[in-house]
Every structure is written in structure tokens, then in C-alpha cells.
């Protein structure tokens, strides 16, 4: 009986901490994808950086417990967390984004996380409740692909969450993105819309557009499901290079077609959020 009481008290205390932190965060944007390999983490990273460089206080929470890639994309993968009496301190990037990721807690980069649901739920609660995020305009949350435990945990912990679904244009990805939209709706999240990533490639020699994964599927899915279409982001080898180098493409290549397309996506997301106030 004593153990049960202590556990219940800990749970209530954690719930209180999460609630106190969330009061300081105006908007919580969850980045979802029905399947892996669609560029979700790249979108989440560059969205957070863009919001920060636009003058907004922005946090980036990497909840992809088993594949935490955000620190690599931001060039901070070798950094370790510290704390003070107010809690765990997030890592702040050169662009001003406050970042928390499971990657900061691993012994080395090759260490796998072999956890069941309750442990993952506990980690997410700590990330939201025991991290000193401070006052934020936006908290961007990079979720793992699919519709598993982590998504349920986040949806339960962040009321009034805003869902952004990332897909590629081919049919297999679109099937799963539709599930992601309906999943978000079932959890009472506001769906900001669908991003069609990897949408076409400009041939570096002739300039002709090549539809490697088709095109237009994301827009059609958005129309069919009655959610906003946020825009298309083309394929650009620079995105791969900058991600591997830890330098988000939205900063170093602001004049590229890819960056311009992403600027439009970010503008549409912000407009959706402002329209729902």
C-alpha cells in the first residue's frame, strides 16, 4: 500500500510539473508521419530553426526515442545535458533553438534504446515536466513514425496540440499519412495540414523537373481528408549534405528553391495557428 501511494504521488507530481511547463509554452506543434523515411526529422529541425530565426522563442523536442537524429542535424550530437535547481537545461543552438533529445542521454551513438512503453512514457514526461524550457512561443515535437506509444503519450500530455503530417507523394506513403491524419483527429489534435516532401527533383544538367516519387499526392490526400495542404518541398542534394554536416539548409541556402518552398510551408503553418486563436 505504501509503494502504491508513493507511485501515485510521483505521478501526480509529474503531472503538475508538466502542466506548469506547458503554461509557459504558447503553441505545441507535433510533427507526424505515417511511415519512416519521409524526411520528418529534417522538416521538424528546419521548422524550429526557421521559427527561431524569425524571432520566436522556440524549443525542439526529439521524442523519436529509438532513432534520435535531431542533434546530428544541428551539429550538437556530442553535447551532454546539465541542470540546475530549476531542472534539466536544454541545449541551445547557435540559431537559438532549445533542444532536448534522447541522444544526449546515450552512452555512445551506437547504443540502442531497448525500452517498453512505460519507460518511454516516463522519459517523455520528464522531457516535458523536468526540463526548464522557459517561456516559448513554439515547441516543435519530432515524433517517431507510425501511431504507437510515443504519439499517444504526447497527445495525452499536450492538450491543444497542433499536428503537421509529413509525407512523400507515392501511394504507399500517402496511405500511411491518411492514417496519421485520422489518428491526430481521434486524439482531438488540430491538424494544421499535410506537407508533401521530396516532391520532384530539378535535373542539375537540363533543369527539367523529374518526379522521382510522383507529385501531387500530398495535395490530393489533403483535399480528400479536408485538411490544409501546406506545400511541396522538392528534393535537393544540399538538404542531405547540410543535415549530415549539422547545418540546417534553411540557414545556409536561403535562396534555394527548396528553402523558398519551405518558407511558404512555415508561413502556412503559422497562419493556421494564428487563425485558431
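So in segment 65-80, with the set limited to residues that are touching a strand residue (DSSP E or B) at 6+ places or on another chain (Cβ under 6 Å) and in a loop (DSSP other than H, G, I, E, B), which one is modelled with the highest pLDDT? Applying the filter and picking the extreme gives 76. Only residues that are closer than 20 Å to residue 85 by Cα, surrounded by fewer than 20 Cβ atoms within 10 Å (Cβ to Cβ) and touching a helix residue (DSSP H, G or I) at 6+ places or on another chain (Cβ under 6 Å) were counted in segment 99-124, giving 0.
Here residue 243 meets the list (1) over 20 Å from residue 50 (Cβ atoms); (2) buried (at least 20 other Cβ atoms within 10 Å of the Cβ) almost entirely, failing just condition (1). Every residue in segment 32-61 that is modelled with pLDDT of 95 or more and part of a strand (DSSP E or B), please. Answer for segment 32-61, where residues must be modelled with pLDDT of 95 or more and part of a strand (DSSP E or B): 58, 59, 60, 61. Close Cβ contacts (under 6 Å, 6 or more residues apart or on different chains) running from residues in segment 16-28 that are assigned to a strand (DSSP E or B) to residues that are surrounded by 13 or more Cβ atoms within 10 Å (Cβ to Cβ) comprise 25/136; 25/139; 26/137; 27/138; 27/273; 28/139; 28/158; 28/161.
Of the residues making up segment 29-87, those that are crowded, with 17+ Cβ neighbours inside 10 Å and without any contact (Cβ under 8 Å) to a residue 60 or more places away in the chain are 52, 68, 69, 71.
Listed by position, the strands (runs of 3 or more DSSP E) contained in segment 157-272 that have at least 3 residues being more than 16 Å from the chain's Cα centre (by Cα) and farther than 30 Å from residue 120 by Cα are 190-202, 229-235. When segment 254-277 is filtered for residues that are surrounded by fewer than 18 Cβ atoms within 10 Å (Cβ to Cβ) and at pLDDT below 90, the ones remaining, listed by number, are 254, 255, 256, 257, 276, 277.
The values are calculated or read from the model by the stated rules, or taken from the named source; none is laboratory data. Please read these numbers as outputs of a predicted model, since none were measured by experiment. Every residue, glycine among them, receives a Cβ derived from its backbone with ideal geometry; neighbour counts consider all protein chains shown.
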